[in-house]
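Encoded as structure tokens, the structure appears first; notes follow it.
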Amino acid sequence: MLRVAPALLGKILASRSPAGELTAGRIVEVEAYREDDPASHSHRGVTPRTRTMFGPAGHLYVYFTYGMHWCCNVVVGPPGVGAAVLLRAVEPVLGEEIMWSRRAAARTSRDLASGPARTTQALGLDGSHDGVDLLDEGAAVALLDDGNPPRGRRRRGPRIGIRQATEKPWRWWLDGNPHVSRR
DNA sequence: CTATAGATGCCCT
DNA sequence: GGGCATCTATAGC
């Protein structure tokens, strides 16, 4: 997991809405979560919410939080192991106009997807996408590699927005990228 | 620019 | 009932 998380930097997350609207973003910030980690949803074992986290790698784990926000993760590790990588920010690469329409509160392009809930909203994702196989190119959401190496150096540091295990340096981002959630 | 408060509902104990 | 892998508006400098 700690290897996969930084490897996702620079990859593309693409989605197709029921109306056929295509949006995609380049991943610029991620965080890793795993079972032996008190901050992880999987720490307390399989529950209705975390079922997807314990499923096969490469599927999308989407959860609801703070009464209003959806956030999405890439599941990693073998079935039975509860680990995932939270997608914290993407750089828009396709369908930016559609993202503007979905993100009414955004004032600058950096507001479009600089945060996990913003990213999920900009890509039009919600709980209905929980469990989608990201490696199935026909699915509504897919994880792609366009061959371009990530721009900027990979950096790592403590995770954001958690109250447990705040010391673990399990957040990675592309140094200097303006779409990262905090700088 | 930074700091802070409030929104809002699901999950799990 | 407590807490939450967040965001936004607003106030103040």
Within segment A:140-183, name every residue whose backbone N is under 11 Å away from a label modeled 7 Å from Cα of A:Ser109 along the Cβ vector. A:178-179
Mind jotting down the three principal axis lengths of segment A:121-183 based on Cα atoms? Whole angstrom, largest first. 38, 31, 19
At R0 = 25 Å, how high is the FRET efficiency between A:Asp175 and A:Glu97 if r is their beta carbon distance? Nearest 0.05 is fine. 0.30
Taking the simple approach of a point 7 Å from Cα along Cα-to-Cβ for both A:Phe64 and A:Arg49, what is their distance in nm? 1.1
Return the inverse of the average 1/r over all pairs of distinct C-alpha atoms in segment A:4-174, which is the Kirkwood hydrodynamic radius, in Å to one decimal. 16.0
In deg cm²/dmol and to the nearest 500, what is the mean residue ellipticity at 222 nm of chain A if only DSSP H runs of at least 4 residues count, each as -39500 (n - 2.57), divided by the residue total? -2000 deg cm²/dmol
Compute a Gaussian network model of chain A, connecting alpha carbons closer than 10 Å, and tell me which residue from A:Gly157, A:Gly45, A:Gly67 fluctuates the most. A:Gly67
Computed over the Cα atoms, what is the radius of gyration of segment A:76-183 divided by 2.2 N^0.38 Å, N being its residue count? 1.15
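Since every read-out is calculated from the coordinates, none of them should be taken as a lab result. In this text the structure is predicted, and so the values were computed from the model without any measurement. When we count neighbours, we look across all protein chains shown, and the Cβ atoms used for this are built from the backbone with ideal geometry, even at glycine.
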